[in-house]
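Report on the structure given below.
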Amino acid sequence: MAVLNTGLSDVHWLPGGARLVAEARAELPQKDGLAAAFCALAVLRAAGIAVADQDEVAKAAGTVRAPDVPPRGALSRNDFRLELPYDAATAGTSAAGLAQAIRTLSGGRLAVVPARGDWRPETVSDLLLGLWELPRVAVLARVDPAELGSPDTPERALLDYLDTGIPPLWTNRWRPPAPHHVLIAGVRLGAAGTLLSIVDTYRELGDDGVHDQPVEWVAAGLESVLLVADAEVGPVLAQAVRYAGLQ
């Protein structure tokens, strides 16, 4: 279990989490409307699979673009290599399309298992608990950013949360009109609280695209999850989903 020392409690990266963070940071930011493709690209590259760019993932996933609303201070990125459909009414990337894109672009080397259900803090924790013994895993999450805390929540407030379990009052000022995709890469454990390390798609969100969120806020904002790991451990992913009481 890899550990990163900071002023907060140590980050316990999920297996392969540190490599995932490095790949995501190297690609920042997402292209306009391609948050899902950005996350999947980081997952593929972290697994050693060569993929040209976000466009290739988006094309394979059937992504439909819409007007982009980046967070304050972030610039739009529209250097598209491929022509992608654009329609505000039908914009987005389906979980099924994204899962199939990862399977296809990996040549079947990666298994993708979806997880949906009643997201509670204990459900999220149970799901992550079932992944620690894998050699490598990625947790690709579809979330409502309005439910998350501010990515620039002061460290002192996060420390207090770890000690008391009372989530900070800082709310997320970035509230895009549609769900967003991020990666859950690590955990910080405290006496009473649990922070999840979120890998985001803009450098301006957190520390070079990584920020900590109370598990309560993540559970409130979660819509669905895709678990990705080497194909031979696909049954372990399915078992982790069942163990957490999800579908």
How about the stretch 96-129: which of its residues are buried (at least 20 other Cβ atoms within 10 Å of the Cβ) and of a type outside the set (V, I, T)?
L98, A99, A101, L105, S106, L110, A111, A115, W119, L127, L128
Any residue in the stretch 136-146 that is closer than 20 Å to G92 by Cβ, part of a loop (DSSP other than H, G, I, E, B), at pLDDT 95 or above and out of contact with any Phe, Trp or Tyr (no Cβ under 9 Å at 6 or more places or on another chain)?
yes
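Residues are listed down the side, and each one gets a yes or a no for (1) buried (at least 17 other Cβ atoms within 10 Å of the Cβ); (2) touching a strand residue (DSSP E or B) at 6+ places or on another chain (Cβ under 6 Å); (3) basic (K, R):
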site	(1), (2), (3)
E216	yes, no, no
L226	yes, yes, no
A231	no, yes, no
G234	no, yes, no
A240	yes, no, no
Y243	no, no, no
Could you check, for the stretch 209-225, whether at least one of its residues is among the hydrophobic types (A, V, I, L, M, F, W, C), closer than 24 Å to R77 by Cβ and touching an Asp or Glu at 6+ places or on another chain (Cβ under 6 Å)?
no
So D152, is it of a type in the set (D, E) and either within 16 Å of the chain's Cα centre (by Cα) or part of a loop (DSSP other than H, G, I, E, B) (or both):
yes
Here's a check for you: in the stretch 140-161, which residue that is crowded, with 23+ Cβ neighbours inside 10 Å, out of contact with any helix residue (DSSP H, G or I) (no Cβ under 7 Å at 6 or more places or on another chain) and of a type in the set (A, V, I, L, M, F, W, C) is farthest from Y202 (Cα to Cα)?
L158
How many residues, within the stretch 179-208, are surrounded by fewer than 17 Cβ atoms within 10 Å (Cβ to Cβ) and in contact (Cβ under 8 Å) with a residue 40 or more places away in the chain?
2
Would you tally the residues in the stretch 193-247 being within 15 Å of the chain's Cα centre (by Cα) and more than 15 Å from V182 (Cβ to Cβ)?
1
Looking at (1) part of a loop (DSSP other than H, G, I, E, B); (2) within 24 Å of E223 (Cβ to Cβ), which is the one condition that is false for F80?
(2)
So D32 fits all but one of (1) in contact with a helix residue (DSSP H, G or I) (Cβ under 6 Å, 6 or more places away or on another chain); (2) over 16 Å from L183 (Cα atoms); (3) surrounded by 19 or more Cβ atoms within 10 Å (Cβ to Cβ); (4) charged (D, E, K, R); what number is the exception?
(1)
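Residues being polar (S, T, N, Q) and surrounded by fewer than 11 Cβ atoms within 10 Å (Cβ to Cβ): count how many of those fall in the stretch 65-95.
We begin by selecting, within the stretch 65-95, every residue polar (S, T, N, Q); these are 76, 78, 90, 93-94.
Remaining after also requiring surrounded by fewer than 11 Cβ atoms within 10 Å (Cβ to Cβ): 78, 90.
Within the stretch 65-95, residues that are polar (S, T, N, Q) and surrounded by fewer than 11 Cβ atoms within 10 Å (Cβ to Cβ) number 2.
The values are calculated or read from the model by the stated rules, or taken from the named source; none is laboratory data. Note that the structure is a prediction, hence the values are computed from the model and not measured. Neighbour counts are summed over all protein chains in view; Cβ atoms, including those assigned to glycine, are modelled from backbone coordinates with ideal geometry.
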